[in-house]
1. Select, from L414, L396, the only residue that is in contact with a Ser or Thr (Cβ under 7 Å, 6 or more places away or on another chain), without any contact (Cβ under 8 Å) to a residue 40 or more places away in the chain and within 18 Å of T228 (Cα to Cα).
2. Of the conditions (1) without any contact (Cβ under 8 Å) to a residue 60 or more places away in the chain; (2) farther than 20 Å from E220 by Cβ; (3) in a helix (DSSP H, G or I), G422 fails just one. Which one is it?
3. Among the helices (runs of 4 or more DSSP H) lying completely within the stretch 96-203, list those that include at least 1 residues that are surrounded by 20 or more Cβ atoms within 10 Å (Cβ to Cβ).
4. Name the single residue that is surrounded by the fewest Cβ atoms within 10 Å (Cβ to Cβ) among those in the stretch 31-71 being under 15 Å from K333 (Cβ atoms) and among the aromatic types (F, W, Y).
5. For the structure I just gave you, tell me whether S186 is modelled with pLDDT of 95 or more, closer than 21 Å to N146 by Cα and of a type in the set (S, T, Y).
Amino acid sequence: MKKLFALLLAIVMVVSLAACGATTDGDKVGADAGSVYWLNFKPESDGALKELAAMYTEETGVDVQIVTAASGTYNETLIAEMDKENPPTIFVVGNTAAVNEWKDFCYDLTDADITKELNDEYKLYDADGKLCSIGYCYECYGIIVNKALLKEAGYEIEAINNFETLKAAAEDIHARADELGFDAFSSNAMDSSSSWRYTGHLANLEYYYESVDDPDAWKECPAEIKGTYMDNYKALYDLMVENSTVDRKDLAAGGLDSAAEFKDKKAVFYVNGNWEWSGLSEVFAAEDLTMIPYYCGVEGEEKAGLNCGTENYWAVNAKADEADINATLDFMKWVVTDPEASAIAVGTFGVMPYTNAVESTNPFLAQASAYASAGNYTMPWVTNFQPNVDAYRETLVGAMNTYNADPTDANWELVEAAFVAGWATQYAAVNE
């Protein structure tokens, strides 16, 4: 994974300002000298984190509480929890917009012991140089493929290397779904449990290719975007929803389980990321699956790789009691240095960028590294720049639901407006 580490180090888009100020970790705490409350961002990691919490409490006597926000509700959950008498001591500040919103609540991690364990520069600073948050995992996403079903349908994974070949396979499989007993794509619900796959992850292809055209404009969050690659976004989105287990007109209602469909071998393609491996490994061996890029018809995409980055950055609540801050810092260091604990954490997160964390065995991250080693370009998470992210995505979901209900050119213009003009609107809302 060292090649992936090096690549991600080179491409990560974070605010890189000189750090200032100094803090130190507290002494080891006991059962009555502080507690930990982690407001977890990743629902799929809830079980693993509660296992870690129980282990730590048993070893140290320190109480560790894990509360997991429902998918797509993290920001509103965080706002509500921060207003309570015992707010989170660990929370996620995953991009520059979040730093601007939560910087006053962020403890300066510059001199924390856990920061010294970082082996890559996954750090987010505020404008004054305070280290507000530090990355705790690397991730990748794209299109997960069941190679056996693909072959059963008459296609080899090696032959799919651009949008044209992906489109031909997906449309043919969908047309023969009754005969084959499976479809091309698993469902693409647009409720909060799933819509982030399209308003966040899939949207990244448009932002990424814009940033390639004009890298200077994307050194920080731009005030507006051009929408140059909206046709490519539309082409891939339409392919996913038109060649799926569920009719696009039914996607707005949600309540679908794309992962279960894929595990039940009802679809060849599943739009998601490496964090799904833990669940998929209950059914599949590593060699059964692979992950391919977001092929969308751009020139030269035969050399595309996966979307790699993270929005998972730990922040420590500066307004918590000192004993709780110290307990939290000790717990965080234990997670990334204790062999058994880090094995559990890496098992759910994929890769942790810390010197003493165990090595990842996640096959999708290995695939990301293989693409990079073969000279393919990696698509960093430019989507982390989305301004006023919840409002931006909510508007986009509404437009996409209208389009799915009646996929006309006029309704697609609503999607484009939410995507492009909506960016400028939300940027202005948080930067006026």
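1. Values: L396 fails: without any contact (Cβ under 8 Å) to a residue 40 or more places away in the chain.
L414 is the lone residue from the list that is in contact with a Ser or Thr (Cβ under 7 Å, 6 or more places away or on another chain), without any contact (Cβ under 8 Å) to a residue 40 or more places away in the chain and within 18 Å of T228 (Cα to Cα).
2. Single failed check for G422: (2).
3. On the way: elements: 96-102, 113-116, 147-152, 163-175, 177-180.
Result: 96-102, 113-116, 147-152, 163-175.
4. Y56
5. Working: modelled with pLDDT of 95 or more: yes; closer than 21 Å to N146 by Cα: yes; of a type in the set (S, T, Y): yes.
Yes.
The rows are residues; the columns are (1) outside the structural domain of A189 (by TED's automatic domain parsing); (2) within 19 Å of A428 (Cβ to Cβ).
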site: T361; (1), (2): yes, no
site: L365; (1), (2): yes, no
site: Y371; (1), (2): yes, no
site: W381; (1), (2): no, no
site: F385; (1), (2): no, yes
site: N388; (1), (2): no, yes
site: A391; (1), (2): no, yes
site: E394; (1), (2): no, yes
site: M400; (1), (2): no, no
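Matching residues to (1) part of a helix (DSSP H, G or I); (2) basic (K, R); (3) crowded, with 16+ Cβ neighbours inside 10 Å; (4) out of contact with any strand residue (DSSP E or B) (no Cβ under 6 Å at 6 or more places or on another chain):
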residue	(1), (2), (3), (4)
D216	yes, no, no, yes
E220	no, no, no, yes
K226	no, yes, no, yes
D231	yes, no, no, yes
V246	no, no, yes, yes
A252	no, no, yes, yes
F262	yes, no, yes, no
W275	yes, no, yes, yes
T290	no, no, yes, no
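Conditions tested, residue by residue: (1) modelled with pLDDT of 95 or more; (2) in the same structural domain as V335 (by TED's automatic domain parsing); (3) farther than 24 Å from S360 by Cα; (4) not acidic (D, E).
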site	(1), (2), (3), (4)
V62	yes, yes, yes, yes
G72	no, yes, yes, yes
E76	no, yes, yes, no
D108	yes, yes, yes, no
K123	no, yes, no, yes
D126	no, yes, yes, no
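The values are calculated or read from the model by the stated rules, or taken from the named source; none is laboratory data. Being a predicted model, the structure only gives us computed values, none of them experimental. Positions of Cβ are backbone-derived with ideal geometry, glycine not excepted, and every protein chain shown enters the neighbour counts.
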